[in-house]
Structure formats: structure tokens, C-alpha cells
1. Which of the numbered conditions does GLU26 fail, given that it passes all the others? Conditions: (1) among the charged types (D, E, K, R); (2) part of a helix (DSSP H, G or I); (3) under 30 Å from ALA222 (Cβ atoms).
2. Specify the residue that is nearest to GLN140 (Cα to Cα); the eligible residues are those in the stretch 1-35 that are at pLDDT 95 or above and of a type in the set (Ser, Thr, Tyr).
3. Confirm whether ALA47 is free of Cβ contacts under 8 Å to residues at least 40 places away in the same chain, of a type in the set (A, V, I, L, M) and either surrounded by 14 or more Cβ atoms within 10 Å (Cβ to Cβ) or outside any loop (DSSP other than H, G, I, E, B) (or both).
4. Please tell me if SER201 is within 16 Å of the ligand (Cβ to nearest atom), free of Cβ contacts under 8 Å to residues at least 60 places away in the same chain and loosely packed, with under 13 Cβ neighbours inside 10 Å.
5. Look at the stretch 75-107 and say how many of its residues are surrounded by fewer than 15 Cβ atoms within 10 Å (Cβ to Cβ) and acidic (Asp, Glu).
6. Using beta carbons and a limit of 6 Å, which pairs, at least six apart or on different chains, have the first residue in the stretch 85-100 and in the same structural domain as ALA74 (by TED's automatic domain parsing) and the second one outside any helix (DSSP H, G or I) and surrounded by 12 or more Cβ atoms within 10 Å (Cβ to Cβ)?
7. Among the residues in the stretch 171-188, are any touching a Leu at 6+ places or on another chain (Cβ under 9 Å), among the small types (Gly, Ala, Ser) and within 16 Å of the ligand (Cβ to nearest atom)?
8. Could you list, in sequence order, the residues of the stretch 204-221 that are within 11 Å of the ligand (Cβ to nearest atom) and either under 47 Å from the mean Cα position of the chain (by Cα) or surrounded by 19 or more Cβ atoms within 10 Å (Cβ to Cβ) (or both)?
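The values are calculated or read from the model by the stated rules, or taken from the named source; none is laboratory data. What you are looking at is a predicted structure, and each value in this text was computed from that prediction instead of being measured. Ideal geometry is used to build each Cβ from the backbone, glycine not excepted, and the neighbour counts take in all protein chains shown.
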Amino acid sequence: MSKAEPLYRLQLLDTDLDNARRQLAEIEAALNSNSAVNHARAELASAQQAYQKQSVGVKSLELEGRSLDDRIKADEDRLYTGNIRTPKELIDLQREVEMLKRNRATHEDLLLNEMLALEEAAETARRCQAAVDDAARHWQEDGVMLHEAASKLRDRISADEERREAICAGIPRADLAVYTNLRARKPGGVAVASMKSEACSQCGEAPSSVLLQQARTGSTLALCGGCGRILFPG
Ligand SMILES: [Zn+2]
């Protein structure tokens, strides 16, 4: 049996563990970030702010309208109570009342427009609130699925870790050191290269017949002359 055989099994297991740990990290990151909900909440906050601002504007216009009404009423009271001494005073007062009434009409149009805008702002805020509720519900639904997936991955990782210990127990310490060192240095943590058509599956280099023999039955590990990985003849 090739000395590389248990290392090859260890490599398959470690690759699976790498994948499982990466997937678990991605799921945990997704569980910790609820960007859709945060985004919807930010939109809602800005819609509520716009509504508040519009509401203050409408209230102040209403106050202005009432103050105009009061002035018109006061002037009209003066006109009808006959407390006016000269014709000029009468004409001036009549003109002022007409002007105030024109202002009042313009003011009323403005107020109506602002009230419509206020209603629109309220509608926008309602829509934003519904979007927040939707996002929060999806977040919870996705969360259930993600928690299930994470739990399955944790089970797989812990089973793989047990199998790993069992495999490692049967590998000479020196071979394990070579493997560990290569795994840390090689892309994708691939320390063991299986062979395809008598060539290294990782770099394509064909080993000499002596090296090939060593890989098959040798008492020491055979390292690929091209990439330095442990050769497993398969
Ligand atoms: Zn190679």
C-alpha cells in the first residue's frame, strides 16, 4: 500500500472540512447582518422626518390663516359699527379689507396644496412602515432556514473532526508534519496530489519511474518534482 494513502484520505476530509467551515462562516455572517431591514428602517425614519416637517408647516399656515381671519373680522367690525370719521378713512379701510381677503384666498390655496403634500407624506411613511414589516418578516423566515443549515454544518464538522482524529492516529508523525506544512503553503490547502495518467493531477508533471515506484510502495513519501506535493498514485 502507498504510504500516501491515509494522507490522501486525510486530504479529502480536510477539503470537506474547509468547505463546511467556509459555508458556516458565510451563514453566520448572513445571520449577523440584516442589511435589508436596516435599509427599510432608514427609509422609514427619513419618511417620518419629512412628515413631521410638513406637519409643522401646515400648522403654521393654519395659524397664519386664523390670524388673517381675525384681522378681516376686526376691520369689518370697524366698517359696520360706523366708528369711522372721514370718507378717506372709510375708503382706506375698505381697500385693506379687500386686500386681506385676496391674501386670505391665496393663503387658502397654499394651505390646500400643503395639506395634500402632508397626506402624501403620510402615505409614504405608511408604505415605508409596511416595507419595514415585510423585511423583518423575511429576515425571520430566512433566519429559520439559515439556523437549520448552520446546525447541519456544525454536525458535519464535528463528525469530520472525529474521523480526522481516527485517520491521524494511523499516520506516522513525520508524514503528518510534511502534510501539515504543505497544506499551509499550497493554494487551496491541497497537500496531496492524486495522479492522472501517471502525471501529477495538480501540476501535470510526470514523475520518473523511480519516483513513481516510491509513491506506490516506497517506505518514504514521494514528493512531486513539479509542485512539491505528496504524490498519491491512486
Ligand atoms: Zn505536482
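1. Against the list (1) among the charged types (D, E, K, R); (2) part of a helix (DSSP H, G or I); (3) under 30 Å from ALA222 (Cβ atoms), GLU26 comes up short only on (3).
2. The residue in question is THR15.
3. Numbers: free of Cβ contacts under 8 Å to residues at least 40 places away in the same chain: no; of a type in the set (A, V, I, L, M): yes; either surrounded by 14 or more Cβ atoms within 10 Å (Cβ to Cβ) or outside any loop (DSSP other than H, G, I, E, B) (or both): yes.
Criteria not met by ALA47.
4. Working: within 16 Å of the ligand (Cβ to nearest atom): yes; free of Cβ contacts under 8 Å to residues at least 60 places away in the same chain: yes; loosely packed, with under 13 Cβ neighbours inside 10 Å: no.
No, not satisfied.
5. Result for the stretch 75-107: 4.
6. LEU90/ILE84
7. No: the stretch 171-188 contains no residue that is touching a Leu at 6+ places or on another chain (Cβ under 9 Å), among the small types (Gly, Ala, Ser) and within 16 Å of the ligand (Cβ to nearest atom).
8. Of everything in the stretch 204-221, those that are within 11 Å of the ligand (Cβ to nearest atom) and either under 47 Å from the mean Cα position of the chain (by Cα) or surrounded by 19 or more Cβ atoms within 10 Å (Cβ to Cβ) (or both) turn out to be GLY204, GLU205, PRO207.
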